[in-house]
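The values are calculated or read from the model by the stated rules, or taken from the named source; none is laboratory data. Just so it is clear, the structure is predicted and the values come from calculations on it, not from any experiment. Neighbour counts run over all protein chains shown; Cβ positions are idealised from the backbone, glycine included.
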Amino acid sequence: MFRFGFILSLASFFILTSCSDNSTLLDAGVSKELAALRKSQISNVEYHLSFDIPANKEKEIKGKVSINFDSEPSSEDLILDFNTNDSSVLSVKIDNTNVPFDYINEHVVIEGKYINERNKIDIEFIAGDLSLNRKEDFLYTLFVPDRAATCFPLFDQPDIKAKYSLELTIPSYWKAVANSKVINQKKAGEKLHYTFEKTLPISSYLFAFAAGEFKVEKVELNGRETRLYHRETDSAKVAKNLNAIFDWHAKSQLWLENYTGIDYSFNKLDYVLLPAFQYNGMEHPGAIFYKASSLFLDENASDVQKLNRARLIAHEVAHMWFGNLVTMKWFDDVWLKEVFANFMAAKIIAPSFSEINHELQFILSHYPKAYEVDRTLGTHPISQNLDNLKNAGFLYGNIIYQKAPIVMDKLERIMGEEEFQNGIRTYLATYSFGNATWDQLITILADQTDKDLKQWNKDWVEREGMPAVDYRKGSKGLIFFHQNNNTRKYWHQSLTSLINDSATHTIYFDNYHVVTDVGTVNHLLPNSNSLGYGYFKIDSASAVHYMNKVDSMSNPIQRSAIWMNFYEGAIRGNIDRMNVLKTMIRNLSIENEQIVLNYLCESIEILYWQFLTEKERKAISPSLEGVLLNGIVNRTEAGARSTMFHALCKVFESEQAWQVLYNIWNGNLELEDYNLSKSDQTQLAYQLSMRNEEKADSILNYHETELDNPDELARFQFVRQAITTDPDERLQFFNSLKQPENRENEEWVLESLRLFNHPLMQDQSINQLEASLELLEEIKLTGDIFFPKRWLDAVFQGHNSEEAYEVVKNFLYQNHNMPQDLKNKLLQSSDLLFRSNNHFTDSNN
C-alpha cells in the first residue's frame with residue numbers, strides 16, 4: 001500500500017479540519033457539507049468497474065475502478081468515500097502514476113494539486129463485503145442509501161449522478177445481471193467474463209449487480225427481451241406465477257408512460273428474485289431485485305395477496321420515473337420517491353382488480369400502519385433533516401411508506417386529478433436525469449392550483465404526529481368538535497361523521513374547535529368515511545351502539561371506520577378491550593369483505609397476545625379457536641379460509657386445537673379444496689413445536705427431511721435453533737447473533753427473533769431483552785436500512801409484562817443520550833408494551 005505521501009496528506013487533513021471548528025468534511029459517512037462541496041466542484045462522472053468474484057464466499061474480491069470526472073479549479077483535496085479499512089486500498093494512480101493518498105474516517109483523500117479540469121483516477125482495491133450479500137453460490141449488491149462506499153471507492157451521494165461501466169469475472173457455471181445489457185460474454189478456463197454496456201446517468205445507490213447460480217426465464221415485453229432470474233426449485237410454482245409477473249411489469253410500464261408522457265428511459269428491465277432478500281423490492285434501473293416469496297405466491301394465494309404482488313411490481317416500476325429518472329438531491333427527500341411509487345401503484349392496479357374495493361384497500365393498507373408510528377413519542381414529520389448519509393436509513397419507515405401516500409391523496413383531492421397530473425408531468429420533464437427537491441415540486445404544483453398549498457405543506461409534511469379529535473353534545477342540536485385541545489395543535493382537514501345511522505355531516509377544521517348544528521344525536525360515528533386522519537374518540541353510548549350494530553352495516557368502509565376506531569380506542573384504554581375482542585371475534589364468521597377480514601384477524605392477534613392476561617386468554621380462547629376453525633372448514637371463499645387458517649396458527653393455545661392442526665400438518669386430516677403450501681407447513685411446524693415440548697424435535701426433524709429447496713432448507717436449519725427445547729442451546733443461539741457475521745441473512749434472523757420472543761416464550765426471552773437492546777447501535781452500523789426497526793419489532797412482539805416494561809424504561813434512562821433517530825425507533829416498537837402496562841406514550845389518550 002502506498003504511503004509515500006503520508007506526511008503531506010496528513011497536513012492536508014489538518015488544513016481541511018481546521019478551516020472551520022464545525023467542519024464535517026472528513027466525518028465518517030457523507031456529511032451534507034462534504035456533499036455540497038463536491039457537487040459544486042465535480043461533474044460529468046463516469047466509473048469503469050471490474051470485480052473478480054471467486055466461488056468461495058470466504059475469499060476476497062479484488063476490484064478496479066477508473067473514475068473519470070471534470071473538476072472546477074480548486075486547491076481543495078479530493079475526498080472519495082470508501083467505508084472499509086485502509087488496507088483495502090491497494091493503489092491509487094493518476095495518469096498511470098502512483099500518487100500519495102491517505103485513508104481517513106472512511107475516505108480516500110488525494111491532495112488537490114493532483115486534480116485537473118479533466119481527471120482519470122485508477123484505484124485497485126479489495127471490495128468490502130458489507131453490501132455484497134455473499135451466499136454460498138450467489139451474491140447481490142444492495143447499495144441504498146450510502147452502501148456503495150462499503151464496496152468500492154466513489155462519490156457516494158445521490159446528486160452526483162454518473163455513468164457506470166461494469167465488468168464481472170465469475171465462476172463459469174454462474175450467471176450475472178446488472179443495470180444494463182451484456183455486450184460481451186466469454187469463457188476463460190474455469191471463469192466467465194461479462195462486459196456490460198455503459199449505463200445512463202444514475203445515482204450511486206441505484207447501481208447494482210447480482211451473480212450466481214440462477215435460472216433464467218425470458219419473454220418479450222413492449223418490444224424488448226426481458227429476463228427473470230431466480231433460484232426456485234419448484235417448477236410448478238414458477239410456471240403458475242410467471243405470466244402474472246411478466247404481465248404486471250408490462251402493464252405498469254405502459255400505464256406510467258401514458259400518465260407521465262415520458263417513455264421508459266432505460267435500455268432494459270430485468271428482475272432478480274432472491275431468497276430472503278431484505279426488502280420486498282429494490283428499484284435498480286434495468287434490474288429490479290425482489291424478495292422471491294413476494295412474487296412467487298403459494299397455490300392458496302388470496303385475491304388480496306395477488307393484489308399486493310401487483311402493487312409491489314407497480315411500485316418498483318413507478319420508481320423508474322420517480323426516483324431513477326428524477327432523483328432527490330439529498331436523502332432528507334427520500335420520502336418523495338417512495339410516496340409517488342406507492343401512490344402511482346394504487347392507480348395502476350385498480351382497473352385490473354374490479355372485484356376489490358380500492359378505496360377500502362387504500363384505507364386499510366395505509367391508515368393503521370401510519371397510526372402505529374404517529375401515535376407514539378417516536379414519531380416524526382414526513383420531511384426530516386439529515387446531516388449525514390450514514391443516518392439516512394433511519395428516515396425510512398411507516399411515516400414515509402404509509403402516511404405519505406395518505407397525505408398525497410389529500411393533495412390530489414385538493415388540487416384535482418388533472419391539475420395534479422399536469423404538475424407531475426412538468427416536474428418529470430424539467431428534471432429528467434437530474435435531481436430535484438420537494439420544494440421544487442411543490443412550487444410546480446402550486447402553479448396548477450389556487451389552493452393554499454403552503455398551509456397544507458405545513459400541516460401534513462412538516463408537522464409530526466396525528467390529531468386527536470373529541471366531541472361533546474351541546475344544547476339545541478349543537479356538537480362541539482375539538483382537535484388536539486390539549487396540545488393546541490390542529491390540522492386543516494375535513495371530517496365526515498355518520499349521525500344516527502342515516503345521515504352524514506361534514507365539517508372543516510380551520511381552528512382548534514368547530515361548532516356545528518346537527519340536530520338530535522342519539523349516536524355518532526366520527527370519521528365514518530375513514531378519510532380523516534387521526535384518532536377520533538367515540539362516546540360510550542355510540543361505542544355500545546356500534547358494537548351491536550356493526551354486523552348489520554352493509555357499507556364496508558363504515559365497518560372499517562368502526563373497527564379502526566374500536567382498535568385505536570382499545571389500545572389507548574378508552575374502550576373496554578375484552579368487549580372489542582369479543583365483538584371482533586363474533587364478526588369473523590360473517591365478515592364477507594376480505595380486506596376487512598384481514599384487518600380483523602391482525603387486530604385480534606395483537607389485542608389477544610399484547611393486552612390480555614393468561615387468565616383472560618383462556619376465557620376467550622375457545623370461542624376464538626372455534627370461530628376460526630369453523631371458518632376454515634365451512635367458508636367457501638379461498639381467501640377467507642386462508643386468512644382464518646393463518647390466524648388460527650398464530651393464536652391457538654388449547655390441546656384440542658393443537659391436535660387438529662397437527663393432523664392437518666401430518667396429512668391425517670385433509671381440508672377439502674385447501675392444500676398446505678411448503679411455507680404453510682414450515683410455519684405450522686414452528687408453531688406446533690413451540691406448544692409441545694415432547695414432540696418438538698420429531699416435528700422439526702421430520703419437516704427438515706421434507707425440504708428439497710436448498711435455500712429453504714438452510715433457512716429452516718437456522719431458524720429452528722430459536723425454538724429448541726434446550727434452554728442452553730437457545731441462549732447459545734441468541735448469543736451467536738451478537739456476531740455481525742451471524743446476522744447477514746437478516747430475514748432469517750428476524751424470523752428467528754419473532755419465534756424466540758413469542759408470547760409463549762417470553763418468560764425465557766425476557767432474560768435477553770436488555771441484551772437485544774444493547775445491540776442496537778451496532779445493528780445500526782452493520783444492518784440494512786430496515787433492520788434496526790424490524791429487529792426491535794421482532795423483539796417486542798412477544799412482550800407485555802411489567803418486567804419487560806421496566807427493562808425498557810431503565811434502558812431509556814441509562815441511554816438517554818442515544819441518537820434521537822435510534823430512540824425514535826425504540827419508542828415506536830415498544831409503544832404497545834407501554835400501553836399494555838398502562839403507561840401511555842402519547843399525549844392524546
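A few points about this structure:
- Per the conditions (1) in contact (Cβ under 8 Å) with a residue 60 or more places away in the chain; (2) more than 23 Å from Asp298 (Cα to Cα), the sole criterion not satisfied by Ser698 is (1).
- Residue list for the range 752-778, filter: touching a residue at least 40 places away in the same chain (Cβ under 8 Å), closer than 19 Å to Leu688 by Cα and of a type in the set (D, E, K, R): Arg754
- Every test in (1) crowded, with 22+ Cβ neighbours inside 10 Å; (2) over 24 Å from Gln305 (Cα atoms) is passed by Met584 save one, and that test is (2).
- In the condition set (1) touching a His at 6+ places or on another chain (Cβ under 6 Å); (2) within 30 Å of Lys161 (Cα to Cα); (3) not β-branched (Val, Ile, Thr), Asp332 is compliant with all but (1).
Residue by residue, here is whether (1) in contact (Cβ under 8 Å) with a residue 12 or more places away in the chain; (2) of a type in the set (Val, Ile, Thr); (3) surrounded by 14 or more Cβ atoms within 10 Å (Cβ to Cβ) holds:
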residue	(1), (2), (3)
Ile595	yes, yes, yes
Tyr599	yes, no, yes
Arg617	yes, no, yes
Ser642	yes, no, yes
Phe645	yes, no, yes
Tyr662	yes, no, yes
Asn675	yes, no, no
Arg691	yes, no, yes
Glu694	no, no, no
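- Matching residues, the range 126-157, being among the hydroxyl-bearing types (Ser, Thr, Tyr) and touching a residue at least 24 places away in the same chain (Cβ under 8 Å): Tyr140, Thr141, Thr150
- Unique match (being under 30 Å from His839 (Cβ atoms), outside any helix (DSSP H, G or I) and without any contact (Cβ under 8 Å) to a residue 60 or more places away in the chain) among Ile585, Ile562, Ile590, Ile575: Ile575
- The set of residues from the range 697-718 being outside any helix (DSSP H, G or I) and buried (at least 16 other Cβ atoms within 10 Å of the Cβ) comprises Leu707, Asn709.
- None of Glu124, Glu136 is in contact with a Lys or Arg (Cβ under 8 Å, 6 or more places away or on another chain) and modelled with pLDDT under 95 except Glu136.
- Per-region count, the range 484-513, residues polar (S, T, N, Q) and modelled with pLDDT under 90: 5
- The residue that is farthest from the chain's Cα centre (by Cα), among those in the range 697-752 that are closer than 22 Å to Phe787 by Cβ and of a type in the set (Phe, Trp, Tyr), is Phe733.
- Members of the range 312-332 found to be buried (at least 24 other Cβ atoms within 10 Å of the Cβ) and assigned to a helix (DSSP H, G or I), listed by number: Ile313, Ala314, His315, Glu316, Val317, Ala318, Phe331
- Listed by first and then second residue, the pairs with beta-carbon distance under 9 Å, at least 6 apart or on different chains, first residue in the range 523-544 and part of a helix (DSSP H, G or I), second aromatic (Phe, Trp, Tyr) and crowded, with 23+ Cβ neighbours inside 10 Å, are Ala543/Phe566.
- Filtered residues of the range 87-108 (kept if over 20 Å from Asp70 (Cβ atoms), in contact with a strand residue (DSSP E or B) (Cβ under 9 Å, 6 or more places away or on another chain) and surrounded by 14 or more Cβ atoms within 10 Å (Cβ to Cβ)): Ser88, Val89, Leu90, Ser91, Pro100, Phe101, Asp102, Tyr103, Ile104, Glu106, His107
- Phe343 meets all of the listed conditions (1) buried (at least 22 other Cβ atoms within 10 Å of the Cβ); (2) at pLDDT 95 or above but one, namely (2).
- Residue satisfying all of: in the range 720-761; acidic (Asp, Glu) and within 22 Å of Asn280 (Cα to Cα); surrounded by the fewest Cβ atoms within 10 Å (Cβ to Cβ) among these: Glu744
- Each residue in the range 780-838 was checked for being under 28 Å from Asn745 (Cα atoms), assigned to a helix (DSSP H, G or I) and not acidic (Asp, Glu), and 27 pass.
- Just one of the listed residues (His230, His249) is in contact (Cβ under 8 Å) with a residue 60 or more places away in the chain, surrounded by 15 or more Cβ atoms within 10 Å (Cβ to Cβ) and under 18 Å from Pro275 (Cα atoms), namely His230.
- Qualifying residue in the range 354-372 (condition: within 30 Å of Ala570 (Cβ to Cβ) and not in a helix (DSSP H, G or I)): yes
- The residues of the range 519-550 that are of a type in the set (S, T, N, Q) and either touching a Pro at 6+ places or on another chain (Cβ under 9 Å) or under 25 Å from Thr376 (Cβ atoms) (or both), listed by number, are Asn527, Ser530, Ser542.
- The one condition in (1) surrounded by fewer than 20 Cβ atoms within 10 Å (Cβ to Cβ); (2) in a helix (DSSP H, G or I); (3) of a type in the set (Val, Ile, Thr) that Thr682 fails to fulfil: (1)
- Selection of the range 719-749 for residues being acidic (Asp, Glu), touching a residue at least 24 places away in the same chain (Cβ under 8 Å) and either farther than 12 Å from Ala794 by Cβ or not in a helix (DSSP H, G or I) (or both) yields only Glu744.
- Note on the range 252-271: among residues that are of a type in the set (S, T, N, Q) and surrounded by fewer than 17 Cβ atoms within 10 Å (Cβ to Cβ), the one that is farthest from Phe343 (Cα to Cα) is Asn267.
- Residue within the range 352-372 that is within 28 Å of Lys237 (Cα to Cα), out of contact with any helix residue (DSSP H, G or I) (no Cβ under 9 Å at 6 or more places or on another chain) and without any contact (Cβ under 8 Å) to a residue 40 or more places away in the chain present: yes
- Residue check, Phe796 over 20 Å from Val144 (Cβ atoms) and aromatic (Phe, Trp, Tyr): yes
- Cβ-Cβ under 6 Å pairs, at least 6 apart or on other chains, the range 292-307 side among the aromatic types (Phe, Trp, Tyr), far side part of a helix (DSSP H, G or I) and modelled with pLDDT of 85 or more: Phe296/Lys237; Phe296/Asn241
- Per the listing Asn184, Asn133, the residue uniquely under 30 Å from Pro740 (Cα atoms), surrounded by fewer than 24 Cβ atoms within 10 Å (Cβ to Cβ) and among the polar types (S, T, N, Q) is Asn133.
- Residue list for the range 798-815, restricted to those being under 27 Å from the mean Cα position of the chain (by Cα) and closer than 16 Å to Leu775 by Cα: Val808, Phe811, Leu812, Asn815
- Scanning the range 57-66 for any residue that is farther than 15 Å from Ala149 by Cα and at pLDDT below 95 turns up at least one such residue.
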